[in-house]
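Have a look at the structure below, then the notes.
Derivation of every value follows stated rules applied to the coordinates shown; laboratory data play no part. Note that the structure is a prediction, hence the values are computed from the model and not measured. Positions of Cβ are backbone-derived with ideal geometry, glycine not excepted, and every protein chain shown enters the neighbour counts.
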Ligand code: DP6
C-alpha cells in the first residue's frame with residue numbers, strides 16, 4: 001500500500017472558464033497559495049477490481065473514475081483500491097478536488113512505479129481538475145500559458161502569509177465548478193472582459209508577491225475574486241455561491257482593513273471565506289470571523305508544501 005498527501009490551494013488570481021477545446025485547459029492564468037494545515041490523504045493498493053472510498057463512503061465519482069481510466073490507458077497498471085480522506089469539508093468550495101487529484105496522481109505514481117516528476121504529475125492532475133495542477137507544488141504557484149503547466153513561483157518561506165478559512169456551510173455546492181464555468185463561458189456578457197483582463201491581474205499579483213507588497217496583493221486579489229463573482233452572477237441562470245454569512249465575513253474583512261489591519265479576502269465556488277493576512281494578524285482575524293453569526297468554524301493555516309508520497 002502507498003500513501004500520498006496533498007494540500008488544497010487557494011487561488012488569489014482565479015481560474016474560471018475553459019478554452020473551447022479538449023484537455024481541460026483554463027481560459028485564464030491563475031495564481032494560488034498552497035495551505036499546510038488542510039490535507040487530503042490518499043491510499044492506493046493492489047486489488048481484484050477497482051474500488052473507491054471517499055471519506056469513508058464507497059463512491060463511483062465520475063471524474064475520478066475517468067481520471068484513473070485515462071491513466072491506465074497511458075500506463076497499463078492493474079486494478080486499484082483507492083481510499084481518500086480530507087481533514088476539511090469537501091465539495092463545498094474548499095478545493096477538495098485540487099488536493100484530491102494531486103494526492104491521487106502522486107499515490108498512483110509512487111505505487112505503480114511510474115516515476116513521473118512533479119511537473120508531469122501536475123499536467124495529469126490538470127486534466128482531472130485544473131486547480132489540482134497547482135496543488136502538486138507548495139508555496140506560491142502559477143498556472144499560465146502557453147503550455148498551462150503549473151510552476152512554483154516562490155517557496156512558503158519567501159513570504160509568511162497566513163490564511164483563516166471561515167466555514168459558513170458544509171453542504172455540497174449546488175453547481176460544480178466544471179458546469180458553472182461552462183455556463184459562464186456560454187451565457188455571461190462579461191466573459192470576454194474577464195478573459196481580456198486576466199493577464200494584467202496575473203502580472204500584478206506576480207509582481208506583488210515578488211516584492212512582498214501586501215497592499216498591492218490585496219487590491220489585485222480582491223479584484224480578481226470580485227470579477228469572478230461578477231461573471232458568475234451574470235451567468236444565466238445566475239450562479240450565486242454566497243450566503244449571508246459569506247457577505248458578512250467579506251464586510252468584516254474590509255472593516256478590519258479600514259481599521260489598519262493587513263488582511264484581504266478571497267472566495268471560490270462556495271460560501272467559505274478565506275482571509276489572507278500577515279502573521280501578526282492571524283489570531284485577531286480568526287477570532288473576529290468566529291464572531292460572525294453563521295460561521296461554523298474557522299480553520300487557520302500557514303502556507304505549505306507540494307504533494308508527496310510517504311517514504
Ligand atoms: C473557483 O479546478 O475545480 O476554485 O477544472 O472544472 O475541475 P475543473 O475546475 P476547478 O475550478 C476551480 C475554480 C476556483 C478558482 C481557482 O481555484 O482558480
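Mind listing whichever residues of the stretch 152-181 are more than 15 Å from the ligand (Cβ to nearest atom) and either over 25 Å from residue 199 (Cβ atoms) or without any contact (Cβ under 8 Å) to a residue 40 or more places away in the chain (or both)? So that I can check it myself, show each step before the final result.
From the stretch 152-181, those more than 15 Å from the ligand (Cβ to nearest atom) are 152, 154-162, 164, 166-171; that's our starting set.
Matches in the stretch 152-181: 155, 156, 157, 160, 162, 164, 166, 167, 168, 169, 170, 171.
Where in the stretch 1-114 are there strands (runs of 3 or more DSSP E), lying fully within it, with 3 or more residues that are within 16 Å of the ligand (Cβ to nearest atom) and touching a residue at least 60 places away in the same chain (Cβ under 8 Å)?
Values: elements: 2-6, 9-13, 30-34, 40-46, 51-54, 80-86.
Passing ranges, in order: 9-13, 30-34.
For the stretch 176-186, does any single residue satisfy the condition of being surrounded by fewer than 22 Cβ atoms within 10 Å (Cβ to Cβ), at positive phi and in a loop (DSSP other than H, G, I, E, B)?
no
Condition first: in contact with a strand residue (DSSP E or B) (Cβ under 6 Å, 6 or more places away or on another chain), away from the ligand (no atom under 14 Å from the Cβ) and part of a strand (DSSP E or B). Now tell me which residues in the stretch 126-151 satisfy that.
If the condition is that a residue be in contact with a strand residue (DSSP E or B) (Cβ under 6 Å, 6 or more places away or on another chain), away from the ligand (no atom under 14 Å from the Cβ) and part of a strand (DSSP E or B), then 151 is the only one that fits.
Just name the residue that is surrounded by the most Cβ atoms within 10 Å (Cβ to Cβ) out of those in the stretch 265-300 that are more than 16 Å from the ligand (Cβ to nearest atom) and assigned to a strand (DSSP E or B).
Looking only at the stretch 265-300, we keep the residues that are more than 16 Å from the ligand (Cβ to nearest atom), and these are 275, 277-300.
Subsequent filtering for residues that are assigned to a strand (DSSP E or B) retains 275, 277, 297-300.
On the way: 275: 28, 277: 25, 297: 14, 298: 21, 299: 19, 300: 16.
Checking each candidate, the answer is 275.
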